[in-house]
1. Given the conditions (1) over 30 Å from B:V234 (Cβ atoms); (2) more than 12 Å from every other protein chain (Cβ to nearest Cβ); (3) among the polar types (S, T, N, Q), report the number of the one that A:N130 does not fulfil.
2. Give me a count of the residues in the range B:244-296 that are farther than 30 Å from A:L60 by Cα, within 14 Å of chain A (Cβ to nearest Cβ) and acidic (D, E).
3. Given B:L177, B:L149, B:L162, which one is free of Cβ contacts under 8 Å to residues at least 60 places away in the same chain and surrounded by 21 or more Cβ atoms within 10 Å (Cβ to Cβ)?
4. Looking at (1) hydrophobic (A, V, I, L, M, F, W, C); (2) closer than 23 Å to B:K179 by Cα; (3) within 14 Å of chain A (Cβ to nearest Cβ), find the lone condition where B:L123 falls short.
5. Can you tell me which residue among B:L177, B:L146, B:L162 is in contact with a Cys (Cβ under 8 Å, 6 or more places away or on another chain), modelled with pLDDT of 90 or more and facing chain A (nearest Cβ under 9 Å)?
6. Of all the residues that make up the range B:196-213, how many are within 19 Å of A:D103 (Cβ to Cβ) and not in a loop (DSSP other than H, G, I, E, B)?
7. Could you give me the residue pairs with C-beta distances under 9 Å whose first residue belongs to the range A:137-155 and is facing another protein chain (nearest Cβ under 7 Å) and closer than 13 Å to B:N154 by Cα, whose second residue is of a type in the set (V, I, T) and part of a loop (DSSP other than H, G, I, E, B) wherever it lies, and which are 6+ apart or on separate chains?
8. With the requirement that a residue be among the hydroxyl-bearing types (S, T, Y) and under 24 Å from B:P131 (Cα atoms), what does the range B:240-286 give you?
Amino acid sequence: MEFVEEEEQLGFDSDEEKSELSDDELQEAFAKGLLKPGMNVLVAKAKKSTNNVEGLKQCLAEFRKDLPWVESLDMTNLPAEDLISKADGQAPAGVNEDINADDDFQREMFFYRQAQATVLGSLPLLKKHNIATKRPDDYFAEMAKTDQHMQKIRKKLISKQMIMERSEKAKKLREQRKFGKKVQIEVMQKRQKEKKAMMSAVKKYQKGMTDKLDFLEGDQKKPKDAGQGSKKAANKKGPNAKRKFKDQRFGFGGKKSGKKWNTKESHNDVSSFRAKVANAKGGKGGKKGKGGQQNKRPGKSVRRKMKSRS
Amino acid sequence: MAAFKRKRGGQTLVGKKAKKVKIVADGADASIESEQENNNEITVPAPVSGGKWTNKERVLIFSSRGINFRTRHLMQDLRTMMPHSKADTKMDRKDKLFVINEVCEIKNCNKCLFFEAKKKQDLYMWISNSPHGPSAKFLVQNIHTLAELKMTGNCLKGSRPLLSFDPKFDSEPQYALLKELFTQTFSTPRYHPKSQPFVDHVFTFTIADNRIWFRNYQIIEEDASLVEIGPRFVLNLIKIFQGSFGGPTLFENPDFKSPNMHRREIRLAAAAKVREKQMVKEMQKTKRTEAKTDLTTDVTADVFRTPAEEKPVLIETEPPVPRVAKKKKVNGYIRQRMARR
């Protein structure tokens, strides 16, 4: 690398300063007056490259063959309109702006559009010279790539498409599942809220804070305001038949214990008193009529037989 | 090849009509069979040239030894794309380049595409006009061949291409010369016997980043929808010579950096980094091991000196009296306390 001063010195020939930058040499150079104070920056000398413009032009003139267009079919043109970037709303690149060679997509689109412009420009000329561009369907000729190869390409494209489709499907399923779970959670939360509201309303009434019994009708009022039709249809199913049967049979659950308390009211409650049972009136005489069928327990042998059968 | 020999000038063939019977047309190198849609007979057209082939361009495509598979495939692809090309055996490295001119003469070619591989890594391409004309040397990069599965287009073997050039080719003299060279080399002459009568693909040459980019597209529809066929490569111009494979240099590309230099620069940069790290480490080591001087006065001694009276030092001889822990009286809940207040 050559040593070049920041401030140009008159008549300074950089070729003489090919030495390495040891301190002694720098001192010498300073003594000679070739160095000036201040920052001296190392700059690479501009490479001298031949550009014999005249020679090039002459060569071209000799070498050129002025053939009619039909022979060479060449065209020099700018790329065709960039419809995509126009559609996107971006300003299309300037006329002769340098394409950014690193932006692959932009670069390839540039080449593509250039080819398109050539094709569009050449088609009328070709028609004029009666050269066809469309191959008839029954024209069988050797192609640049074998049919086998094209089959491979087709298979690859199809497989790529399949993979994409599959991944799309999987994504959708996953989304659906998540969505379904969300919906379920929401419904449960809603139910819990309603229950809580109802319980608190009941408590309030019990404590005497409100004396309105609106909460009892709450469920009935709301559907009346909201869409009735859909609610009716939904309510038609209601609880399952199975559920109904079980409710019927086993009751509605609730607290098992604490139902029987020995309070004043329960003590004074004589509704479940059956005089006949308590006083045993009409005992065996009354019983005889139905006695045989009422409580007749079968004998041991019969019971054993029944047991073994079932 | 049939025994029938065509006379130069093609006078015998000018008046020949298409035969109606399916016989291999004599004298033709490759005849095209096409079924007429109207008739049910198979018509064999006269050879495409029919004496009209005047633009006698022949390109010799060959390489030196030591090329790798990609280069070989690229060469074969170019031969497929250009029906006016001829192949030759590999050239020995020890022969000088002007020998190529003689090879071209023997093969009766007037253009040449010569691929030279160096170090099994770098590929250089020479393109020249054989006897006297100019020649150019390029560095070839980013090669993709016909056989790549991403190149989905296809075209007739030997169909004539359209050539598309960037307007930048007209702006500077070296590019103008290159444009002429490319046009003459890559365009298939009209009525070439191996050519097909349809025009269904287009070569593009574009200048970007001081390099020439080559692409090959198939024309699918008349509305100019294109698909890439391949091959594709990038040419980095090195020099243009006035003669074929020699002669005075007309143009030298100032932006060209030889691949060796490029690799060397990378290596030097890496080496410089390592050396700097080592230097830093060494400096740290020397700093640590150098003799440390003991200071007689501590410079920082006055930092904590506060100008206040000194308290007398209390020494307790008896242990301190334990403090009775007072139980906290809970006065009730906070709300009640607040209410009381």
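The values are calculated or read from the model by the stated rules, or taken from the named source; none is laboratory data. Predicted, not measured: the structure shown is a model, and the values here were computed from it. Ideal geometry is used to build each Cβ from the backbone, glycine not excepted, and the neighbour counts take in all protein chains shown.
1. Unmet condition: (2).
2. Within the range B:244-296, residues that are farther than 30 Å from A:L60 by Cα, within 14 Å of chain A (Cβ to nearest Cβ) and acidic (D, E) number 1.
3. B:L162
4. (3)
5. Result: B:L177 is the single residue among B:L177, B:L146, B:L162 that is in contact with a Cys (Cβ under 8 Å, 6 or more places away or on another chain), modelled with pLDDT of 90 or more and facing chain A (nearest Cβ under 9 Å).
6. Applying the first criterion (within 19 Å of A:D103 (Cβ to Cβ)) to the range B:196-213 yields B:204, B:206-213.
If we keep only those that are not in a loop (DSSP other than H, G, I, E, B) as well, we get B:204, B:206-208, B:211-213.
Of the residues in that region, 7 qualify.
7. Every condition considered, the pairs that remain are A:A141/B:I32; A:A144/B:I229; A:K145/B:I229; A:M150/B:T152; A:I153/B:T152.
8. B:S244, B:T249
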